[in-house]
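The values are calculated or read from the model by the stated rules, or taken from the named source; none is laboratory data. The shown structure was predicted, so the numbers you read here are calculated from the model rather than taken from an experiment. Neighbour counts are summed over all protein chains in view; Cβ atoms, including those assigned to glycine, are modelled from backbone coordinates with ideal geometry. Each accessible area value is taken on the protein alone, full model and side chains, heavy atoms only, with ligands, DNA and RNA left out. Shrake-Rupley method; radii C 1.70, N 1.55, O 1.52, S 1.80 Å.
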Amino acid sequence: MSRVLIAVFLSTLLLAACGVPETIAPTSTSESNQTPVIEVTVTPEPPVEVVISTEGMKDPYGVAVNSLGHIYVSDAGSKRVLVFDADGSLLAKWDKQGSGEGEFNTLGFGGLAIDANDQVFVVDNANFRVQKFDKDGNFLAQWGSEGTGDGQFVRAIGIAVDVDGNVYVTDDGNPFVQKFDNNGKFLMKFGGEGEGDGKFKHATGIAVDLQGNMYVADYETKFVQKFASDGTFLTSWTMSADASIKGTPEGIAVDADGNIYVTDYDLGRVQVFDAEGNFLWALDNKLILDSLFKRPTAIAFGNGKMYVVNQSGDNISVVEFP
């Protein structure tokens, strides 16, 4: 077991739910993301951020926390899964590469999810499948093949598990959300190519609340959409209206109160909405040039903390609120 680097620092964040805010206008943008200058609101007392990283982490994408507080990261660029304890110590690497059982061949992105029995579901998209493991990395099952039919994948990305153990997968090359039972039996799909209500162009993150409602991020249309448990479209919304700019949703998580947390891949933010899409508050840095989050993807809760994957930063932000 090796010890990962854990750096603790204070960053200026947007947390509109706490304290009396002040307004600061950024004066520059990053070269990689030519974002217009905007005004954002910053609270005077930021939360503490802990960054978890490990040598060789490359383009991480997914994150989930099990009942023991262990943190699982899809280190997609390195074609492996990393497992950390609650203190940030590296416990295990699932790093066999290939197309056999328990081996990985990813496209540099792809999520993971954990069910109530601590079983781990990993998107293995270059092998056009989902793999299922126990908490210790023992292979249990797999399903999927290349194609656009039921139970097939082109470029699978996001994955989520509901309270009954059913598994949901997004796919930006096959624009449907597919639902499977816990062992991979195909149950249903919904969506289809398009920009209208209930359609997808580049679906990424997905989350399911306790009532079975599904929330899906679309990187290209820049909408978050909400669906009923049977796949019926309910509502949709865009991000960063508070900053007078349209953000780019990527990852989604639901907290214990049913609030929806969405990462903004381009602006380096996390925004929070109620279940109907009404904006509540956001976490942000005062300067786009030095955003708190670096191309944030998946988001998860556990150990009383919030975990956000920084794909560009090759690390995991662990945020504790004061």
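Rolled with a 1.4 Å probe across the full set of protein chains, the surface gives residue 106 an accessible area near 20 Å².
Stretched out straight at 0.36 nm per residue, the stretch from residue 235 to residue 67 would grow longer than its current Cα-Cα span by 57.3 nm.
Gain in length, residue 89 to residue 228, computed as 0.36 nm per residue apart minus the alpha-carbon separation, to one decimal in nm?
Values: separation 139, 0.36 × 139 = 50.04 nm, distance 3.89 nm.
Stretched fully, the residue 89-residue 228 segment lengthens by 46.2 nm.
Note that segment 234-246 has calculated 3J(HN,Hα) couplings of 10, 6, 8, 7, 9, 10, 6, 4, 5, 9, 6, 8, 8 Hz, one per residue in order, obtained from phi through the Karplus relation 6.51 cos²θ - 1.76 cosθ + 1.60 (θ = phi - 60°); glycine and proline are x. Ranked from largest to smallest solvent-accessible area, with a 1.4 Å probe on the protein heavy atoms, 226, 246, 305, 199 come out as 246, 199, 305, 226. Cβ under 11 Å from residue 57's Cβ, residue 57 left aside: what net charge do those residues give with Lys, Arg +1 and Asp, Glu -1? With Lys, Arg at +1 and Asp, Glu at -1, the net is -1. When +1 charges are put on Lys and Arg Cβ atoms and -1 charges on Asp and Glu Cβ atoms, the dipole computed for segment 127-244 relative to its Cα centre reaches about 160 debye. What does the net charge come to around residue 220 if you take all other residues with beta carbon closer than 10 Å to its beta carbon, with K and R at +1 and D and E at -1? Around residue 220, the surrounding residues sum to -1. Give the residue from 147, 157, 169 lying farthest towards the positive end of the charge dipole for segment 114-176; charges sit on Cβ (+1 for Lys and Arg, -1 for Asp and Glu) and the dipole is referred to the Cα centre. The residue sitting farthest along the positive end of the dipole is 147. For segment 189-248, lysine pairs separated by 8 or more sequence positions, or belonging to different chains, with Cα-Cα distances below 15 Å total 6.
Between residue 279 and residue 117, full extension at 0.36 nm per residue minus the direct alpha carbon distance yields a gain of 55.0 nm. Ordering 114, 52 by accessible surface, largest first, gives 114, 52; the 1.4 Å probe counts only protein heavy atoms, with every chain in place.
From the P(r) of segment 228-322, could you give the percentage of C-alpha pairs in the tail past 21 Å? That tail contains 30 percent of the Cα-Cα pairs.
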